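Below is one structure, written out as structure tokens, with a few remarks after it.
The values are calculated or read from the model by the stated rules, or taken from the named source; none is laboratory data. This structure is a prediction, so every number in the text was calculated from the model and none was measured. As a convention, Cβ positions derive from the backbone with ideal geometry for all residues, glycine included, and neighbour counts pool all protein chains shown.
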């Protein structure tokens, strides 16, 4: 009995120490507007080289749009689809091409309003954290959308790799 009381007392005394070691505030890396603009513009240029007009959206880590571009002849619809692709990629932290066909049941998460599981969305990571995503729409295939998004991401790849907290 004494050993049990002693063990419980020691455990109770050590608990506040563990809580005191935990930080009160955490540093969260954020994508800058300048990096988002550079990425979006590079995605548009990549698709233009193929004769494709697109809409591109870069969202922050919460899925809110930071930069939205629509090339001159891209359909209005590309804006909403690119936003939804970026939103889905950041929330699932996965390239949408890797998720194609994953949610096919009639009542699955894939049917949630605002989510799109067509290729063309890629998450953006820096310092081991997701900082946003890019979504592209307007190419004849989702794979072409995603290739343009990947080219856009290459424009800031070195900056992301060298980022520090």
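The residues listed here are 117, 107; of these, the one that is at pLDDT below 95 and crowded, with 18+ Cβ neighbours inside 10 Å is 117.
Taking the criterion of being in a strand (DSSP E or B) and touching a residue at least 40 places away in the same chain (Cβ under 8 Å), the residues of the range 110-140 that qualify are 124, 126, 129, 130, 131, 132, 133, 134, 135, 136, 137.
All of 78, 57 fail the test of being at pLDDT 95 or above, within 26 Å of residue 156 (Cβ to Cβ), surrounded by 12 or more Cβ atoms within 10 Å (Cβ to Cβ) and more than 15 Å from the chain's Cα centre (by Cα), apart from 78. With respect to (1) modelled with pLDDT under 95; (2) assigned to a loop (DSSP other than H, G, I, E, B), the lone exception for residue 18 is condition (2).
A count restricted to the range 143-165 and to residues that are over 17 Å from the mean Cα position of the chain (by Cα) and in a helix (DSSP H, G or I) stands at 3. Scanning the range 143-164 for residues that are within 18 Å of residue 79 (Cβ to Cβ) and surrounded by fewer than 22 Cβ atoms within 10 Å (Cβ to Cβ) yields a single hit, 144. Of all the numbered requirements in (1) over 23 Å from residue 53 (Cα atoms); (2) touching a helix residue (DSSP H, G or I) at 6+ places or on another chain (Cβ under 7 Å), residue 94 misses one, and that requirement is (2). Considering only the range 120-161, state which residues are on the phi > 0 side of the Ramachandran plot and touching a helix residue (DSSP H, G or I) at 6+ places or on another chain (Cβ under 9 Å). Matches in the range 120-161: 120, 127, 132, 138. Against the conditions (1) surrounded by fewer than 20 Cβ atoms within 10 Å (Cβ to Cβ); (2) at pLDDT 95 or above; (3) over 18 Å from residue 153 (Cα atoms), residue 95 satisfies every one except (3). Given the structure, is residue 40 at pLDDT 95 or above, over 20 Å from residue 144 (Cβ atoms) and either touching a strand residue (DSSP E or B) at 6+ places or on another chain (Cβ under 9 Å) or outside any helix (DSSP H, G or I) (or both)? In short, no. Within the range 69-85, residues that are assigned to a loop (DSSP other than H, G, I, E, B) have Cβ atoms under 7 Å from residues that are crowded, with 18+ Cβ neighbours inside 10 Å in these pairs: 71/44; 71/54; 74/54; 74/55; 74/138; 75/138, counting only partners at least 6 apart in sequence or on another chain.
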